[in-house]
1. I need every pair where a residue in the stretch 112-137 that is on the phi > 0 side of the Ramachandran plot has its Cβ under 9 Å from the Cβ of a residue that is outside any helix (DSSP H, G or I) and open to solvent by 30 Å² or more (accessible area, probe 1.4 Å), sequence separation at least 6 or different chains.
2. In a helix (DSSP H, G or I), open to solvent by less than 60 Å² (accessible area, probe 1.4 Å) and either in contact with a Pro (Cβ under 6 Å, 6 or more places away or on another chain) or closer than 15 Å to residue 155 by Cβ (or both): does that describe residue 75?
3. Test residue 70 against the criterion of being surrounded by fewer than 24 Cβ atoms within 10 Å (Cβ to Cβ) and outside any helix (DSSP H, G or I), and give yes or no.
4. Pull out all pairs, ordered by first then second residue, where Cβ-Cβ is under 9 Å, the residues are six or more apart or on different chains, the first lies in the stretch 97-111 and is crowded, with 22+ Cβ neighbours inside 10 Å, and the second is acidic (Asp, Glu).
5. Quick check on the stretch 1-42: of everything there that is touching a Lys or Arg at 6+ places or on another chain (Cβ under 8 Å) and open to solvent by less than 60 Å² (accessible area, probe 1.4 Å), which residue is farthest from residue 177 (Cα to Cα)?
6. Right, residue 61: within 28 Å of residue 234 (Cα to Cα), over 17 Å from the mean Cα position of the chain (by Cα), at pLDDT below 90 and surrounded by 18 or more Cβ atoms within 10 Å (Cβ to Cβ) or not?
7. Quick one: which residue in 230, 236, 222 is of a type outside the set (D, E, K, R) and farther than 22 Å from residue 128 by Cβ?
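The values are calculated or read from the model by the stated rules, or taken from the named source; none is laboratory data. Nothing here was measured: the structure is a model prediction, and the numbers come from that model. So basically every Cβ, Gly included, is an ideal-geometry build from the backbone, and we count neighbours across all protein chains shown. Side chains are part of the model used for accessible areas, which takes the heavy atoms of the whole protein and leaves out ligands, DNA and RNA. Shrake-Rupley method; radii C 1.70, N 1.55, O 1.52, S 1.80 Å.
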Amino acid sequence: MPPEVAAVVFGLISAVSWGIADFNGGMATRRAPVLTVVLLSQSVGFVLIVALALLRAEAAPTISDLIWGAAAGLIGLIGLVALYRAMAIGQMGIAAPVGAVLAAGLPAVFSAFTQGLPDNLHLFGFAVALAGVFLISRSQGTSGRPAGFGLAIIAGIGFGGFLILIAQVHHNSVFWPLASARIASISAMIAYSLVRRAFTPPSRAVAPIIVAAGIMDVGGNAFFVLAEQAGRLDIAAVLSSLYPASTVLLAFLILKERMTRSQNLGIALALAAIPLIAAKT
């Protein structure tokens, strides 16, 4: 598979995985404390990441890869906690895409400074994708900002920072830097829960949802790294940040959240952006 095609395929798989993970995380956070959901989902993810690293026989990471991974894990943790909390108090179909705008935009700006501007066709594709994400995030007839909007902004900054930092690892490393990210985030949450005594075990009904969120989050992370290593950071970031389409669709099918004309148009734009970003020039 040509690298540019692989970057697109991996980026889209990452988007689907993250969209499903966020939906499950938001569902779980409505029935359990956000700390419980994030800590357990991250722990499940850590076990899966280590298993995949061993199965892949991935070479031992460098110290710099572990440091970049840990830094990404800490800032990504802030984004994840903020997003799950935003979904718990607001609409999933709005919180996820609002965060995705920044999650896609920050790496694109960073890539422009470090790798140079992409060509005009790809720039147009980025603009269409970001417009799509923005339209998906439009409030459904409410006045002012929707509930959880500020938390969604924080989530986007956290996710954008995660994507930039995790992209700094060497191209032969995928799972061990992600394991380092999980160790850092899990350690921070354990320390917080011990100080605040804030951990509450989930019910049996919620536990499978948390496990599913952890597994799909690992899929999103791993395929993003593979997409970035096969192509450019900005292409991987924008494609993977199309995950709100999955979250919005699941919220519509399962929670019966209604999509507006703006959100439908946004999903159409997001899909139209894919061949533009993937096109050879």
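1. That search, which allows pairs on different chains as well, returns nothing.
2. It is true that residue 75 is in a helix (DSSP H, G or I), open to solvent by less than 60 Å² (accessible area, probe 1.4 Å) and either in contact with a Pro (Cβ under 6 Å, 6 or more places away or on another chain) or closer than 15 Å to residue 155 by Cβ (or both).
3. Numbers: surrounded by fewer than 24 Cβ atoms within 10 Å (Cβ to Cβ): yes; outside any helix (DSSP H, G or I): no.
No, not satisfied.
4. 99/22; 104/234; 107/228; 107/234; 108/234; 111/234
5. Here the residue is 29.
6. Answer is yes for this residue.
7. Values: 230 fails: farther than 22 Å from residue 128 by Cβ; 236 fails: farther than 22 Å from residue 128 by Cβ.
From the options 230, 236, 222, the qualifying one is 222.
This table checks each residue for (1) assigned to a loop (DSSP other than H, G, I, E, B); (2) modelled with pLDDT under 75; (3) out of contact with any helix residue (DSSP H, G or I) (no Cβ under 6 Å at 6 or more places or on another chain).
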| position | (1), (2), (3) |
| --- | --- |
| 133 | no, yes, no |
| 138 | yes, yes, no |
| 146 | yes, yes, no |
| 153 | no, no, yes |
| 156 | no, no, no |
| 159 | no, no, no |
| 165 | no, no, no |
| 173 | yes, no, no |
